Structures are given as structure tokens and as C-alpha cells.
Amino acid sequence: MTTEALMEKLKGIVKPYVKSEEGFKNMTENSDFLNDLKINSANLVDVILDIETEFDIIIDNDSMEKMLNVKAAMDIITTKLNEK
Amino acid sequence: MHERVVITGLGVTAPNAVGTAAFTEAIKNGVSGIRFYKELEALNFSCCVGGIPPLSEELKQLYLSPLQLKNFNSNGILYGCMAGIDAWKDAGLSINENSEPDWDSGTVFGTGSSSVEKLRESFYKIDAGHVKTLGSTAVSQTMLSGISAYLGGILGLGNVVTTNSSACSTGTEAILMGFERIQSGKAKRMLVGGCSDDGPYIWGGFDAMKVMTYKHNTTPEDASRPMSATASGFVPGSGAGALLLESLETAVERGATIYGEVLGGAMNAGGQRGTGSMTAPNNEAVQRCIKSAVENAGIHAGEIDLINGHLTATIKDVAEINNWSKALNRKGNNFPFIHSLKSMTGHCLGAAGAIESVAAVMGLYHGFIFPSINCEDVHPDIAAIISTEKIPQKLIKTNTLQVIAKASFGFGDINSCIIFKKYNG
């Protein structure tokens, strides 16, 4: 999957949880889920569940802890997809 | 000096209508919200009828955001939020996500049990080893205080935010708890009420106890028959009712519509002694509760024009009438009018007292006594105590309705009684 395609999928996944329209419009690899997109920290687990469903992958606890921004999420998704 | 407490907002999500305008029309016309549910029949329920508020997906979305509705499976919270938000807006109060907390406004919003459907969904996931998939809202949807927490966040409440629970007395108790908080000057406004889930997992235990009727599965609208000789058990209901209580001073200051006044009330228990048990009331306790409410309201028993009863359509209706008669020392033609909203909605459990109080206050404000349907054949033991003319079979329009007594009783041998009065300035 290309980086662009992955980014588009990720945008679709986080959209319902985003509290900053501005942050969402300018979402890049460097966006932070909490600080830039203003996602409620409790909702991070929901984002990860939705990622698991969308990509049919399992994200372990260690990986979950690291998924605080778009870049980390994309790296972990790519790694897990390659392991399949 | 106690603050006077008035009602400035109302909201209701009932089996026979959603929203106060539709609800007022429905209760005036004696419209039943009881339906047959195939799902209950498929699960071998004896009682396959019940009352569930008619809702559309579009309507839900007017109250909860797409994010709140994601993985949402808690009907009681939904009904409570709808009624609560409606009551708040009806009082002319605004909702602003970016406001400061409203330190003067709180809520006591009760429920009899937490969201059983969401719990069931969670149990299956946990038992299958998938605890991780519960998501972030399994706790907030299943904690007993879920309803008050949801409302507190939506409305930005900064005073006490809590949930009370006292079985079928819950809704009425919530109103009295909020009333006392305003009366004592600890809050200016309290959103009070109760809500209840529906469906087989909450109703099943009652079906097993054989306290619900199994005789009207083919005639659901005739099923709920409070005070009738042919009453054969209650019909389960669900929904929510909400009242915005406010100190008279701030209500007048805001120029708010005043629907009525809460004069006072009382709560007690029978200790499950004597005639009392887990499931049956101690009659002396019921009478004491009613007498205390009258005294607390500062009125005489003779001033009560109408009783909005607990009256569930079980064998206990006769005992309730007898308790009212003894407590008020009134009988025959001298007895007040009496009716049961449960004839139209079924028994909405933790929401019952709140929905019924909304009906009572609507009657006070608009000047009507709604009919108590399905009791053309008044129970002979009731007719021996009070004149059957005191049980309205048809809508009564009146401009003399001043004082209503509303009571609720619950498992655990607990009682609550409120006195509402028309606001005359």
C-alpha cells in the first residue's frame, strides 16, 4: 500500500474522533493524535480497534503505547501488514 | 427560610409518545403505548407485551453525536438524555460546549439498573477472550451513574451530578432529592428524573416472578389494567421523564415559564417488617409516607384534588387505595380523583415516577385529568372504599385542579410521595 493510500485510510478512521477541524484539515505524518487532532485520550483505544478491523491486523500492547501520532501509526500498520 | 421550588422545564420519552407536546395529547386521549413483541415470545416469556418508546435513528441523532452513538447500546441512557436535554431546553436554558461549568446547576437522574444490553455485549466479548475489543465507552455506558454523567457533560453541569437508585421509587425519589437541594440553597437548578432500559434482560426477572400479566398477549392495549377487577399483573415499560426544578427566585428573575410548584414530599421505608417484605409494602410505612408528605407540604389532606398513583395493576392496587384512604382520612365520594398513567405506558420501573410526574405537572399546568384506561370494571374491593366516579374513564377538563399527590413504591419496601401545586404567582 502506498503512503498516500495509507494516509487516506487513516484519515477516514480518525475522523469521527477528531475534535480539531483545523488539525484534521492539515493532518500530515507529523500530526500528533492528542495535541494536533485533539482526540480525547480515552478514544485512542477506539482508533486502534478501528485500525485493527480496517487492516485486519493485531496491534500488541507495546505497539499501542507508541501509537500517539500519525507517523508511528503508519509505521506500525506497515510493519504488521508486512508480517502477514 | 426555605427556597420555594418550581418546575420550569419538562421532557419525556414514553412508550405512548416522545416529547411533551405529543405526550400531553396521548395521555389526554388515553392512548396506549403497549405492543406485542415477537422477541419476547421467541424467548418463551409468559408476558410478551411491553412498552418501548417509538424512536427513529434521525431522532436519536438530534440528541447524541455520531461519536456518542458509536458502539452505543444503552437505551436507558438514550431515553434519559433525550428527556433531560428536552427539559433543559424547555426551561429556556442554553447548551454551549465552550461555556464554563454551570456551578449552580446539577442533576439527580436515577435508574433502576445499569445498561443490561451493553453489559451482555461486554460479557460475551470478555468470555471469548476479547476484552481488548470493549472499546472506551463500556464503562461509561454500564456504570449506574452513566445517565447523570452523560447529561452532566452535555449540559456542562457544575453542581452535584449523581444517580439515585431505589427500584420503582427511583424517579419520584430523584425529584425529591433535587427539590431538597434547591430548598436548602445548595443549588439553583436541578435536572431531576429517571430512566429505564427495555427488553428481555431487564424484564426477564419480573416474568420469572410471575408478576407480569400473561393474559393479554393478543390484546396488548388492554393489558395494563390498574384498579380493574381483571387486572392480572403489570406490563413492563421503559423510557424516561425529566423535570427542571428551579428556585422560584431565579425562575422569576429569568422570566421562565412556571409549570407548577413542588410543595414538599417524603420518603421512607417499611423495614420489610409486618406486611412489608422485599417485594411487598408495609402498609403503615406507606400511610406514614403519605401523611409526612402532606405535612411537609404544609397543606391539609382535604386540599388534595387528585392522586397520581403508583397503581401497577397487581393485587397490591387494593392495598394502595386503602393506604391512601386511611392516610388522607378520605373515602367514598370525599376521596380525591385517582388515576394511573401505567394504564397507558405500562410500568416503566426506574423511570415510572419521573414519567408519571411529568404527566401530573402537564395536567396541573393545562388543567386536565387524564383518563385511567382499562378499568371499566373497577375492582369490587376498591369500589368498596372509594366512589368509582373518582376514577376518570374519560378526560376531565378542569380549571380547579390545584394540588396533586404523586407516590411511588419500590422493591425493598421503600416509598416516596410528592405534593405538586399549581403555581398561582
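The values are calculated or read from the model by the stated rules, or taken from the named source; none is laboratory data. Every value quoted in this text rests on a predicted model; they were computed, and no experiment measured them. All Cβ positions, glycine included, derive from the backbone under ideal geometry; neighbour counts span all protein chains shown.
What number goes with the only condition from (1) outside any strand (DSSP E or B); (2) in contact (Cβ under 8 Å) with a residue 60 or more places away in the chain; (3) not polar (S, T, N, Q) that B:GLY11 does not pass?
Result: B:GLY11 fails condition (1) only.
Is it the case that the stretch A:67-83 has a residue that's more than 20 Å from A:THR2 (Cα to Cα), surrounded by 14 or more Cβ atoms within 10 Å (Cβ to Cβ) and away from chain B (no Cβ under 14 Å)?
There is at least one residue in the stretch A:67-83 that is more than 20 Å from A:THR2 (Cα to Cα), surrounded by 14 or more Cβ atoms within 10 Å (Cβ to Cβ) and away from chain B (no Cβ under 14 Å).
Can you tell me which residue within the stretch B:392-407, out of those that are among the hydrophobic types (A, V, I, L, M, F, W, C) and part of a strand (DSSP E or B), is farthest from B:ILE418 (Cα to Cα)?
B:ILE396
Would you be able to say whether some residue in the stretch B:94-105 is at pLDDT 95 or above, within 14 Å of chain A (Cβ to nearest Cβ) and not in a helix (DSSP H, G or I)?
Checking the stretch B:94-105: not a single residue is at pLDDT 95 or above, within 14 Å of chain A (Cβ to nearest Cβ) and not in a helix (DSSP H, G or I).
Yes or no: B:LEU67 within 14 Å of another protein chain (Cβ to nearest Cβ), part of a helix (DSSP H, G or I) and out of contact with any Lys or Arg (no Cβ under 8 Å at 6 or more places or on another chain)?
So B:LEU67 fits the description; yes.
I'd like to verify a number: residues in the stretch B:372-391 that are touching a residue at least 60 places away in the same chain (Cβ under 8 Å) and in a loop (DSSP other than H, G, I, E, B), how many?
The qualifying residues number 9.
Could you tell me whether the stretch B:113-124 includes any residue that is assigned to a loop (DSSP other than H, G, I, E, B) and within 14 Å of chain A (Cβ to nearest Cβ)?
Checking the stretch B:113-124: not a single residue is assigned to a loop (DSSP other than H, G, I, E, B) and within 14 Å of chain A (Cβ to nearest Cβ).
Within the bounds of the stretch B:357-365, is there any residue that is closer than 21 Å to B:VAL49 by Cβ and surrounded by 24 or more Cβ atoms within 10 Å (Cβ to Cβ)?
yes
Give just the number: which of (1) β-branched (Val, Ile, Thr); (2) part of a helix (DSSP H, G or I); (3) buried (at least 20 other Cβ atoms within 10 Å of the Cβ) does B:VAL108 not satisfy?
Answer for B:VAL108: the failing condition is (2).
Quick grid of which residues meet (1) assigned to a helix (DSSP H, G or I); (2) away from chain B (no Cβ under 14 Å):
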{"site": "A:ALA5", "(1), (2)": "yes, yes"}
{"site": "A:VAL14", "(1), (2)": "yes, no"}
{"site": "A:GLU22", "(1), (2)": "yes, yes"}
{"site": "A:MET27", "(1), (2)": "no, yes"}
{"site": "A:ILE39", "(1), (2)": "no, no"}
{"site": "A:ALA42", "(1), (2)": "yes, no"}
{"site": "A:ASP50", "(1), (2)": "yes, no"}
{"site": "A:ASP62", "(1), (2)": "yes, no"}
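Determine whether A:ASN35 is in a loop (DSSP other than H, G, I, E, B), of a type in the set (S, T, N, Q) and away from chain B (no Cβ under 13 Å).
In short, yes.
Just to be sure, is B:LEU59 part of a helix (DSSP H, G or I), more than 14 Å from chain A (Cβ to nearest Cβ) and surrounded by fewer than 21 Cβ atoms within 10 Å (Cβ to Cβ)?
Against the criterion (part of a helix (DSSP H, G or I), more than 14 Å from chain A (Cβ to nearest Cβ) and surrounded by fewer than 21 Cβ atoms within 10 Å (Cβ to Cβ)), B:LEU59 qualifies.
Suppose we filter B:VAL294, B:VAL318 for residues that are modelled with pLDDT of 95 or more and within 24 Å of B:LEU244 (Cα to Cα); which single one remains?
Criteria check complete, one pass: B:VAL294.
Return yes when B:LYS326 is more than 30 Å from B:ILE147 (Cα to Cα) and either without any contact (Cβ under 8 Å) to a residue 12 or more places away in the chain or not assigned by TED's automatic domain parsing to the domain that holds B:SER165 (or both) and no when it is not.
yes
Among the residues of the stretch B:180-188, is there at least one that is in contact with a Cys (Cβ under 9 Å, 6 or more places away or on another chain) and touching a residue at least 24 places away in the same chain (Cβ under 8 Å)?
no
From B:ALA91, B:ALA22, grab the single residue that is without any contact (Cβ under 8 Å) to a residue 24 or more places away in the chain and not charged (D, E, K, R).
B:ALA22 is the lone residue from the list that is without any contact (Cβ under 8 Å) to a residue 24 or more places away in the chain and not charged (D, E, K, R).
Return the residues of the stretch B:279-317 that are small (Gly, Ala, Ser), crowded, with 20+ Cβ neighbours inside 10 Å and at negative phi; say none if nothing qualifies.
Selection gives B:ALA285, B:ALA293, B:ALA297, B:GLY309.
Among all residue pairs at least 6 apart or on different chains, which show Cβ distances below 7 Å where the first residue, located in the stretch B:47-70, is among the hydroxyl-bearing types (Ser, Thr, Tyr) and the second is assigned to a helix (DSSP H, G or I) and surrounded by 15 or more Cβ atoms within 10 Å (Cβ to Cβ)?
B:TYR63/B:CYS81; B:TYR63/B:MET82; B:TYR63/B:ILE85
Taking the stretch B:30-45, which residues are surrounded by 16 or more Cβ atoms within 10 Å (Cβ to Cβ) and either touching a Phe, Trp or Tyr at 6+ places or on another chain (Cβ under 7 Å) or touching a residue at least 24 places away in the same chain (Cβ under 8 Å) (or both)?
B:GLY30, B:VAL31, B:SER32, B:GLY33, B:ILE34, B:ARG35, B:PHE36, B:LEU40, B:PHE45
Of the numbered conditions (1) within 22 Å of B:PHE411 (Cα to Cα); (2) without any contact (Cβ under 8 Å) to a residue 60 or more places away in the chain; (3) within 19 Å of the chain's Cα centre (by Cα), B:SER169 satisfies every one except a single condition; which is it?
Just one mismatch for B:SER169, condition (2).
When you check B:THR162 against the structure, is it more than 14 Å from chain A (Cβ to nearest Cβ), surrounded by fewer than 19 Cβ atoms within 10 Å (Cβ to Cβ) and under 24 Å from B:GLY237 (Cα atoms), yes or no?
Yes.
Determine if the stretch B:74-81 includes at least one residue that is part of a loop (DSSP other than H, G, I, E, B), surrounded by 24 or more Cβ atoms within 10 Å (Cβ to Cβ), modelled with pLDDT of 95 or more and of a type in the set (Gly, Ala, Ser).
Yes: one or more hits.
All but one of (1) away from chain A (no Cβ under 14 Å); (2) surrounded by fewer than 19 Cβ atoms within 10 Å (Cβ to Cβ); (3) small (Gly, Ala, Ser) hold for B:GLY129; which doesn't?
Tallying (1) away from chain A (no Cβ under 14 Å); (2) surrounded by fewer than 19 Cβ atoms within 10 Å (Cβ to Cβ); (3) small (Gly, Ala, Ser), B:GLY129 fails exactly one: (1).
Report those helices (runs of 4 or more DSSP H) wholly inside the stretch B:229-337 carrying at least 3 residues which are of a type in the set (Val, Ile, Thr).
It comes to B:283-297.
Could we say that B:THR170 is modelled with pLDDT of 95 or more and over 23 Å from B:LEU62 (Cα atoms) here?
yes
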